[in-house]
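One structure is given below, encoded as structure tokens.
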Amino acid sequence: MFTSVSDPIGSGFATNLAHPGGNITGFQANGDPALGGKWVELLKEIAPHTLSVALLFNPTTAAPLQYFMPSIQTAAPSFAVEVSAAPVHAKDEIEGVIAAQARDPGGSLVVMPDVFNEPNRELIIALAARYSVPTIYYNRFFSELGGLISYGDVRSEQFRLAAGYIDRILKGEKPADLPVQMPTKFELIINLKTAKALSRATRQQRHGIDLLCSRSNKQAARSNERNHSIDQPRGPFSQSEKSGIAIRTASNGRCCAIVEDDVSAF
């Protein structure tokens, strides 16, 4: 059983998502290729001055870039931005990519799904802050550590659902007959402390943050009206005392969370 694998076929875990074959099945992370276009869209919304976007990844460890490129290339001209690949092969190459985006007027960054980027997340977040480069990430653990914004699947949901698959396998079902599952829950997280620090340089970015949060709230409200069968909200905010995360939960399973030190300040 696997979880959080971005490319099960490319990684050799499955020959087919519907019928994985062999003796393994599981849950795909970042499984929707449309996520690439969504990262470009959200980055442009939170940082309206964005004109160029670099895609940070290690070609030896990342999910194949072409998996996300069609949606990225479709979204880029719609938001008047140019997109370029920024491959790195070692930790000491990361700063050069971020510094180059800082020198480029309107430069921003997408940190691509990659097992190389995950252990280097503190360095990436620190460099993005040092050079004031708006950056979007694919998982909440980046935003929780200080990354500006993240949008991706809810990994904890995969672990919960994996228990059901394990139960079915222990009861006699064959992994080869259990389809690889795609993510069904996604969450948008904005770290307001980082956003406020970046917004000091430009009112335009503050305006972008306000618009993005407002739009997310409206989408959550519309979702609540359409579907009341899943994960009812517990009020305007549900706060985690340990992490200081304020979360708006839409009833269609999508979450909008805002990470901040002082929840009441939002």
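Every read-out reported here was derived from the displayed coordinates using simple, explicitly stated rules and does not represent laboratory data. Keep in mind it's a predicted model, so treat the numbers as computed, not measured. Heads up, the Cβs are rebuilt from the backbone with ideal geometry, glycines too, and the neighbour counts pull from every protein chain shown.
Once fully extended, how much extra length lies between Leu17 and Asp167, figured as 0.36 nm per residue of separation less the alpha-carbon to alpha-carbon distance?
Net length gain for the segment: 52.0 nm.
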Between beta-carbons, use under 15 Å as the cut-off and find the net charge around Ala100, counting Lys and Arg +1, Asp and Glu -1. -3
Determine, from the Cβ-Cβ distance of Ala126 and Met1 and an R0 of 25 Å, the FRET efficiency 1/(1 + (r/R0)^6), rounded to the nearest 0.05. 0.10
Translational D in µm²/s for the stretch 5-109 (Stokes-Einstein at 10 °C, 1.306 mPa s, Kirkwood Rh from C-alpha pairs): 105 µm²/s
Through the Karplus equation 6.51 cos²θ - 1.76 cosθ + 1.60, θ set to phi - 60°, convert the phi angles of the stretch 136-142 into ³J(HN,Hα) values in whole Hz; use x for Gly and Pro. 10, 10, 9, 8, 5, 5, 6
